[in-house]
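Data first, discussion second: the structure below is written as structure tokens.
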Amino acid sequence: MKSLQSSPDAQPKPWRSWRAWIVTWVVVAIAAFVIRGSQNNVIAAPGEQSADAKQADTKQYDEQVRPFLARHCQECHRGEKPKGKLHVDQLTASFSDAAVREKWHAVLQRIKAGEMPPKDKPRPSEQEVQALANWITGKLQGAESSTQDARGRVVLRRLNRFEYENTLRDLLGVSLNLKEQLPQDGSANGFDNAGAALHTSSFLMEKYLEAAETALNLAISNRPQPPALVQKRVSIKDGHPIRGATEKVYRFLDDGEVVCFSSSAWNNVSVPTFYPTDGGNYRFRISASGYQSSGKPVTFCVSAGRGRKAGKSGTVGYFDAPADQSTVFEFIQYMEPQTGISILPYGLASAQTVNKVGADAYDGPGLAVQWVEFEGPLHESWPPASHRGIFGDLKQKPALIYNQSTRVEVASSDPLVDADGILRSFTRRAFRRTVTNDDLAPYIEIVKAKLAVEYSFEQAIRAALKGVLMSPEFLFLRETPGKLDDFALAARLSYFFWSSMPDEDLLTLAEQKKLNDPAVLRAQVERMLKDPKAAAFSENFVGQWLGLREIDATEPSHILYPEYDHMLKVSMIREAELFFEEVLKNDLSLANFVDSDFAMLNGRLAKHYGIPGVDGWELKKTPLPPESHRGGVLTMASVLKVTANGTTTSPVLRGVWVLDRILGTPPLPPPDDVPVLEPDIRGATTIRDQLAKHRSVAMCASCHTKIDPPGFALESFDCIGGWRDNYRATGNGKPVVIDGRRMLYLEGKPVDPSDVLPDGRRFDNVDQFKKLLLSDKDQLARALTFKLLTYATGAAPTLDGKSQIEAIVSKVRENDYGLRSLIHQIVQSEMFQTK
């Protein structure tokens, strides 16, 4: 019996019933957590009014608002099929219902934008429009204000799967891809850390339980010290596919050095004799150089996985081998048992090209690999740091036997005292606050119960830790309505910049109640932004603000866009992230997001943009020539890729993107009965021709006069962000020949990137359009402030917060709209520091 209980998975109850009990307990605990939080502030329900106030509202609605709607709106917005599914004849003056508020907000947007009534209908006077807008705004602000007083602007926030993985990494000291074990999170207002979108279910709790078990199994060392470090240096000449190659693409030099001249995927060379029996971190060193590369570096890709091809998802990274100078490239990679690594040059000739003359006679560039060295699994100490982070200095017992495997376990002479110390330290960090005896009591009881049925000390602690990781105090951010306390503020800061838990510095300041000091807060923001963990900010915020997470939603047609490849895609994403980091690091003006005189480029991206003088994989700050038409996020290939499909571009999609992400004025969704435009890739008609017919419909024109111009400004860029003067077509057009090779696509009709903004200002191309955007930097600042506040707090600012946004914009205007200055103003704002 004891040998069975030494297993980390052993339980005295049937496995399924025990897991079901845990999940049920967690769901009940979460419900109690939510109820307890809502009871902290018990006030009148949102929108609740006195009888006299209700009567006055009803009178104003009947005498002023209803007649306006009847004259100018009801003709289209009533009956069985109202336009936009909006029944204005059914709207009431009561704003206590969220659904009613949403409809009134839509009305407000339409009339303020001048979209309604349609221009071919009788127009109300400006005074009438302003009076209605003021009435709706006042009612919305009053309802939102009372709602926020009751429960706060931000609803209860659960850790999303990115935050969960990062938090366990920092809490346990282990690196695992846990987010792939969890279901996709929802999103609201463009971000997946929004409280309103982070729903909870028993299925999700089951997945959290599995992830917690996986993480604890890795963090806690219950096995003897692994075998001695294996270190070996090999030549790739014995690796697959060199030994069985049918094409003459490899040249063999002295001392085992091999030159590969081909970038064809099947020439991916695996490292021989490396087949680890133990999973863990391994250190690799690759000695390589460019060969016959005319002084330029040769880029190569390293992949990890099973079989000789790990695939794109297994990419370790890209590296630049200098010309004719052997260089050692070193990296550490976590490897599963029986996996390997492989090497493939990038951007060289195809195997067929090299094979025509043979590797020995080929005079083109190649990658020379002198040797590969590997060692591991790496363990700086044993037990590992993750184990000692939980159990401290407690020693391990002699080995036990379980299923013919040798095991060890933690020894304790006073289990309950040791358990109290372990759990007190762990829960303080897991709950992101100081813990009390009452907080610890349930987990101490778990330890007692497990020890009573002869669980080992380690197993009893493991069960309690699992309970901590399933607690709503861990899975949710603890915030109460009103001003955040220091611990909640520490968590908001850390999940804003790191997508992870507060570190010891933040927790200590919170315990000392110093974090609300503006000077301390500013210093912490600076410290956190300089920390390597701040890479999560650029990855998660930029990835969602610009929509880069959708980069794989479509795959460009290999017929129309044969130049698209994995390295180009990776470079696209890194360009946007590094550009954001450069602007943030140097407090550059956020106007750079619209137009900039530099970009973050490597050789692959520079070639794609037609910019000479850049080689290699590493992205670096590069001045842009005036004629490049680049600069800013609008003309980044990643943005242009995610705002197109695999074959065509759409001014509508790109126009909506600009209005939403850059200007902060997203258009309302189109009515359901409006057909989707399908661009003609055969080249017979252009998208401009089709949109011209679309805009001739009055109902459509009101929106498309705003949407289409920014979209047309970007028409000079194709589906993968390349510059074009003509569309690529498949049916009508003249042949295209590049470097002596006839393309599968044809040259279609010329691109026309000109248009007129709703205010009458004209532009001929994207360069002129960007100058028009920069004429209102305040609006650019408002839009980005809105996005950053939404991401930072987990909820979009309401109408009530408009004055705070204006105050932030006013202050950053004094600092030339610096991005770092904007971040500091956001953190110091009331909206950031309150629920």
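Exactly one condition in (1) farther than 26 Å from Ser425 by Cβ; (2) under 18 Å from the mean Cα position of the chain (by Cα); (3) open to solvent by 10 Å² or more (accessible area, probe 1.4 Å) is not met by Pro532; state its number.
Checking Pro532 against (1) farther than 26 Å from Ser425 by Cβ; (2) under 18 Å from the mean Cα position of the chain (by Cα); (3) open to solvent by 10 Å² or more (accessible area, probe 1.4 Å), the one that fails is (1).
Looking at Lys513, is it in a loop (DSSP other than H, G, I, E, B) and farther than 25 Å from Leu578 by Cα?
For Lys513, the condition - in a loop (DSSP other than H, G, I, E, B) and farther than 25 Å from Leu578 by Cα - is met.
Looking at the stretch 633-663 only, could you name the residues that are assigned to a loop (DSSP other than H, G, I, E, B) and either at pLDDT below 95 or buried (at least 22 other Cβ atoms within 10 Å of the Cβ) (or both)?
Met636, Thr643, Asn645, Gly646, Thr647, Thr648, Ser650
Glu581: in a helix (DSSP H, G or I), free of Cβ contacts under 8 Å to residues at least 60 places away in the same chain, open to solvent by 10 Å² or more (accessible area, probe 1.4 Å) and in contact with a Phe, Trp or Tyr (Cβ under 9 Å, 6 or more places away or on another chain), yes or no?
yes
Please count how many residues of the stretch 181-209 are within 24 Å of Thr790 (Cβ to Cβ) and not in a helix (DSSP H, G or I).
Adding up the residues that qualify gives 16.
Looking only at the stretch 281-328, which residues are modelled with pLDDT of 85 or more, surrounded by fewer than 16 Cβ atoms within 10 Å (Cβ to Cβ) and either among the hydroxyl-bearing types (Ser, Thr, Tyr) or not in a loop (DSSP other than H, G, I, E, B) (or both)?
Of everything in the stretch 281-328, those that are modelled with pLDDT of 85 or more, surrounded by fewer than 16 Cβ atoms within 10 Å (Cβ to Cβ) and either among the hydroxyl-bearing types (Ser, Thr, Tyr) or not in a loop (DSSP other than H, G, I, E, B) (or both) turn out to be Asn281, Arg285, Ser294, Gly317, Ser326, Thr327, Val328.
Kindly list, by first and then second residue, each pair from a residue in the stretch 327-342 that is closer than 14 Å to Ser287 by Cβ to a residue that is surrounded by 19 or more Cβ atoms within 10 Å (Cβ to Cβ) and modelled with pLDDT of 95 or more, limited to pairs with Cβ atoms under 6 Å and residues at least 6 apart or on different chains.
If the second residue must be surrounded by 19 or more Cβ atoms within 10 Å (Cβ to Cβ) and modelled with pLDDT of 95 or more, the pairs left are Phe329/Ile286; Phe329/Phe319; Phe331/Phe284.
Have a look at Ser386, Ser381 and point out the one that is without any contact (Cβ under 8 Å) to a residue 12 or more places away in the chain, of a type in the set (S, T, N, Q) and farther than 21 Å from Val259 by Cα.
Ser381
If you go through the stretch 760-775 one residue at a time, do you hit one that is modelled with pLDDT under 95 and either in contact with a strand residue (DSSP E or B) (Cβ under 6 Å, 6 or more places away or on another chain) or closer than 24 Å to Ile707 by Cα (or both)?
Within the stretch 760-775, one or more residues are modelled with pLDDT under 95 and either in contact with a strand residue (DSSP E or B) (Cβ under 6 Å, 6 or more places away or on another chain) or closer than 24 Å to Ile707 by Cα (or both).
Considering every residue within the stretch 388-407, establish whether at least one is at pLDDT 95 or above, out of contact with any Phe, Trp or Tyr (no Cβ under 7 Å at 6 or more places or on another chain), outside any helix (DSSP H, G or I) and open to solvent by 50 Å² or more (accessible area, probe 1.4 Å).
Checked against the condition, which is being at pLDDT 95 or above, out of contact with any Phe, Trp or Tyr (no Cβ under 7 Å at 6 or more places or on another chain), outside any helix (DSSP H, G or I) and open to solvent by 50 Å² or more (accessible area, probe 1.4 Å), the stretch 388-407 yields no hits at all.
Tell me yes or no: at least one residue of the stretch 451-463 is in contact with an Asp or Glu (Cβ under 8 Å, 6 or more places away or on another chain) and not polar (S, T, N, Q).
Looking for residues that are in contact with an Asp or Glu (Cβ under 8 Å, 6 or more places away or on another chain) and not polar (S, T, N, Q), one finds at least one in the stretch 451-463, hence yes.
For the stretch 501-518, check the following and say yes or no: at least one residue is touching a residue at least 40 places away in the same chain (Cβ under 8 Å), under 20 Å from Tyr791 (Cα atoms), open to solvent by less than 10 Å² (accessible area, probe 1.4 Å) and in contact with a helix residue (DSSP H, G or I) (Cβ under 6 Å, 6 or more places away or on another chain).
Yes, because at least one residue in the stretch 501-518 is touching a residue at least 40 places away in the same chain (Cβ under 8 Å), under 20 Å from Tyr791 (Cα atoms), open to solvent by less than 10 Å² (accessible area, probe 1.4 Å) and in contact with a helix residue (DSSP H, G or I) (Cβ under 6 Å, 6 or more places away or on another chain).
May I ask you to verify whether Glu375 is among the acidic types (Asp, Glu), touching a residue at least 40 places away in the same chain (Cβ under 8 Å), open to solvent by 20 Å² or more (accessible area, probe 1.4 Å) and assigned to a strand (DSSP E or B)?
The answer is no for Glu375.
The values are calculated or read from the model by the stated rules, or taken from the named source; none is laboratory data. All values derive from a computational prediction rather than experimental measurement. Positions of Cβ are backbone-derived with ideal geometry, glycine not excepted, and every protein chain shown enters the neighbour counts. Remember, those area values only see protein heavy atoms, side chains included, never the ligands or the DNA or RNA. Shrake-Rupley method; radii C 1.70, N 1.55, O 1.52, S 1.80 Å.
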